[in-house]
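Each reported figure results from applying straightforward, stated rules to the coordinates on display, with no laboratory input. Bear in mind the structure is a predicted one, so any value in this text is a computation, not a measurement. Glycine also receives a Cβ, built like all others from the backbone with ideal geometry; neighbour counts cover every protein chain displayed.
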Ligand code: HDL
Ligand code: ZN
């Protein structure tokens, strides 16, 4: 009985995961209409800063040499060094192979330019990629202090039901951006600016990424006390991406960020001191995952999401996903893509779905072995909650 049951549940679970519509709650993607910001194709896939970091630390290429190359030559160099001269075994390298495989592109005896041309000939759109991944909508990362990037909200020729917006407020966090603050006479004018941006973009959350000191500053800083009040009035959750240390290698550009520790006692204090604000949190360090999971059990206004950046590795996801289910059941928001290039959605989500299937199957079979009858409809509902409803409900997205 067990073996047949496991086979039945396994197939049904896989089909359900593959057919469930996904809400991707944190990305760096933009609609194709935002021409300077829409990224797709092999040149952009290979210029992903995860791969740049691997090139600069494994292949001995100097940052000066690399960043002096034009974009397509950088892609060619990355292809040569990480995919031709070496076996592409890292998660980011495997992601490229998975993407090319999805489009049935064989890389045998082909150079970067030939593969790039073949992928271009597939001529897929963002909507094709979203359909392949079954993604119904995603949240962009929108910076109100970057005028050119924010100009997206001056136009209406893109799909606001698919590309939802956020308000990224890192510029209001660290002192290094006092230039930004100098543009405003006082805190109230900053709040009025945020109000104006809110009305333009209708964000689903405000967001910051923070290191230890920046987060400690937030807790003491008058401006942030006023922002938290404003967020509460707008019923707008604050996404906190904690434990990043920017530019630990200044020469690496976007590839130079690393892990800074965070004191999650500060997060608990924030949840207690602002019970009417909602906090949508992810931590960068493996060291913080257990404590964050326990905090989610203590604060109704706190939700954790995804496997962020250096946490987004199969070896870590499987173990941490089990821990989160063990402590939080299926109330979790298990993943986001953090994709920067639209094509990356394919590998980031296909990899996660495989792990989700493997982990959940174990839990369903275990329940069944304890005579808890699993109704197949229940599985459908569970997966829809995990991949869509849990995040949308917390963020008040209809
Ligand atoms: O701060 C963030 O939102 C991070 O996700 C960074 O953008 C980081 O560079 C990244 O792309 N991680 O996946
Ligand atoms: Zn991100």
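A few comments on the model shown:
- Over the chain, Cα pairs under 8 Å with separation of 6+ residues give a relative contact order of 23 percent.
- On the basis of the beta-carbon distance and an R0 of 25 Å, residue 131 and residue 310 show a calculated FRET efficiency of 0.25.
- The relative contact order of the stretch 49-120 comes to 28 percent, based on Cα pairs under 8 Å that sit 6 or more residues apart.
- Distance-filtered residues of the stretch 1-28 - backbone nitrogen under 18 Å, label point 7 angstrom along residue 371 Cα→Cβ: 1-2
- Computed over the stretch 181-227, the range of Cα coordinates on each principal axis works out to 32, 27, 16 Å, biggest value leading.
- Of all DSSP beta bridges in the chain, antiparallel share, percent nearest 5: 10 percent
- Taking every DSSP bridge with both residues inside the stretch 221-352, close to 20 percent are antiparallel.
- Sorted peptide list for 373-380, 226-233, criterion being average Cβ within 10 angstrom, highest first: 226-233, 373-380
- Placing a pseudo-label 7 Å from each Cα along the Cα-to-Cβ vector at residue 263 and residue 156 gives an inter-label distance of 4.9 nm.
- Residue exposure proxy: 137, 19, ordered by other Cβ atoms within 10 angstrom of their Cβ from fewest to most, comes out as 19, 137.
- Estimated at 0.36 nm per residue, the fully extended path between residue 86 and residue 59 surpasses their Cα-Cα distance by 8.8 nm.
- Cα-based convex hull, the stretch 173-274, per residue volume (Å³, whole number): 116 Å³
- Peptides 383-390, 114-121 ranked from most to least packed, by the mean per-residue count of other Cβ atoms within 10 Å: 383-390, 114-121.
- Within the chain, the proportion of C-alpha pairs whose separation exceeds 34 Å stands at 32%.
- q = 0.29 Å⁻¹, the stretch 332-396: log10 I(q)/I(0) [Debye, one scatterer per Cα]: -1.23
- Sequence of 48, 38 once ranked by neighbouring C-beta atoms within 10 Å, starting from the fewest: 38, 48
- Built from the Cα atoms of the stretch 49-120, the convex hull projects on average onto 4.7 nm², one quarter of its surface area.
- Computed packing ranks the peptides 211-224, 359-372 as 211-224, 359-372, most packed first, by mean other Cβ atoms within 10 Å.
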